[in-house]
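Each reported figure results from applying straightforward, stated rules to the coordinates on display, with no laboratory input. If you're wondering where the values come from, they're calculated on a predicted model, not measured in any experiment. Ideal geometry is used to build each Cβ from the backbone, glycine not excepted, and the neighbour counts take in all protein chains shown.
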Amino acid sequence: MTLNNPYRLFNIPFNPCEICQDNTNKIERDFFMDITTKCRLLANPKIAYNLNKTMILYSQICNFISDYVFNNLEKCEKQNFNYKKLQNKIYNKTRKNFPMASSQIIIRAFADVCTSYKSQKSNLENKNYKIEKQNEWLLKQNKELKPLKTISKCEFKKTSAVSYDTRLLSIKIDKLGFYIASIWTINGRIKKIPLHLSEKQKRLFKKLKMQGKLVYRNKKFLLNLPYEVKVPKMKKVKEYIGVDMGQVNVAVDSDGVFYEERVKNLFNKIEKVRKLKRRLQECGTKSAKKHLKKLNNAERIIKKEINHIISRMLINKAKGTSKGIIIEDLKRIMEETVAFKNFNKSIKEKLYKWAFAELGGFINYKGLMEGIEVCKKNARNTSIKCNECGHIDKGNRNSQSNFKCLKCGHIANADLNAARNISEPIEIKSTNYEGKRKN
């Protein structure tokens, strides 16, 4: 039986066995999480043309709905951008303006527009928190304060992803054993589109949900399809591995393992890509610009691979030692590091460009799949607290890498000391109940 976790609404650690209990019997229910996989559509020029036209139509519908939401922002915000209430107001008007679109694709557009405004609202809360922190410093310096950011109009590009559900998309196996997709387009439903699946995806075919998003990347059409994975029972642990994520070392654990050293070859690749980009930008020729387009997502792909490798290493270690994992809550990492103005360019580049939230998300969902508890801990004072005596002083950390306690004289690497402070299970909250994670 597939259920959503009711504990997700509250700040309660996730344990599937404790969901449904009464005074006499314990009822265990199975819990599932969704993971998204990418499948490539092998579209010929005619099919690609129809899919491209469908994407353009979908973006136009989304922009039409977005115009109404932005013009009536206060009303929609009070209703928490509820797509059903919005649908009741302007569905008929949208249907008249776009007669080529089916009713179901318009309904999916309403849902996408509302989710984009919701996500923008939550992101603005974090950005405004940063501006408020900066304004506190500017006020002391008697300088002009920065204005807080407000919700802006959500605009959808021509190649924006198209949401499909079971009424608009289906995948089957033909008589020859090939996987074929049937997709709604602007010129009607196109059947028998060949679909390329890996061996792993073929094994998971029965678990695939016939809903997802049509995406256009690097002149290829992809289907992002979710599939269900059963969540095992959470293992009870007494000890935890603390993980410090920082500016110089991306991840250091409390046992003294520096994970950046284990994937140094990939970090060297990132530096090579950056140097090549700089040379091509300086060159400025047509061929250089073409080459730059090819390298557009190269750095991002390598970083994602690094995050996958580091997260897998940590989960395997926790599984082998029967321990849980505690990571830093780096929600305010940009605000907390305002004081470190003397960082050089390379460290600042890593701080502002590295996807710490992605690394935490990978650790979270992989831990959930293995039944390993993953918790978050407030990063406050972890870098300036002595792990031996507990003395907290800013003078303990005289540089980025060196830590020396002013009270007991304990000397250690600063990141390692922070990781050991994080490993102490005090003021932690479980993150395993936080909903779905993307692969």
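Listed values, structure above:
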{"quantity": "Net +/- balance of residues flanking Ala111 in space, Cβ distance below 14 Å, scoring K and R +1, D and E -1", "calculated": "+4"}
{"quantity": "Asn88/Asn218 FRET efficiency (R0 41 Å; Cβ-Cβ; nearest 0.05)", "calculated": "0.55"}
{"quantity": "Estimated FRET transfer efficiency (Leu295, Glu239; beta-carbon r; R0 41 Å; 0.05)", "calculated": "0.40"}
{"quantity": "Residue exposure sequence - Val273, Val252, Val263, Val69 - by fewest surrounding Cβ within 10 Å", "calculated": "Val273, Val263, Val69, Val252"}
{"quantity": "Gln211-Leu42 pseudo-label distance in nm [points 7 Å out on the Cα-to-Cβ vector]", "calculated": "2.9"}
{"quantity": "Met100/Asn316 FRET efficiency (R0 60 Å; Cβ-Cβ; nearest 0.05)", "calculated": "0.70"}
{"quantity": "Length released on extending from Asn378 to Ala357, taking residue separation times 0.36 nm less the Cα-Cα span", "calculated": "6.1 nm"}
{"quantity": "Spin-label pair Cys408/Arg279, simplified geometry with 7 Å Cα→Cβ offset, distance in nm", "calculated": "5.1"}
{"quantity": "Theoretical gain in end-to-end length, Glu136 to Lys75 [0.36 nm per residue, Cα-Cα removed]", "calculated": "18.8 nm"}
{"quantity": "Rough spin-label spacing in nm, given labels placed 7 Å along Cα→Cβ, for Lys264 and His196", "calculated": "3.6"}
{"quantity": "Entries in Lys175/Lys206; Lys235/Lys303; Lys75/Lys149; Lys233/Lys317; Lys200/Lys238 that, when Cα-Cα distance is taken, lie over 24 Å", "calculated": "Lys235/Lys303; Lys200/Lys238"}
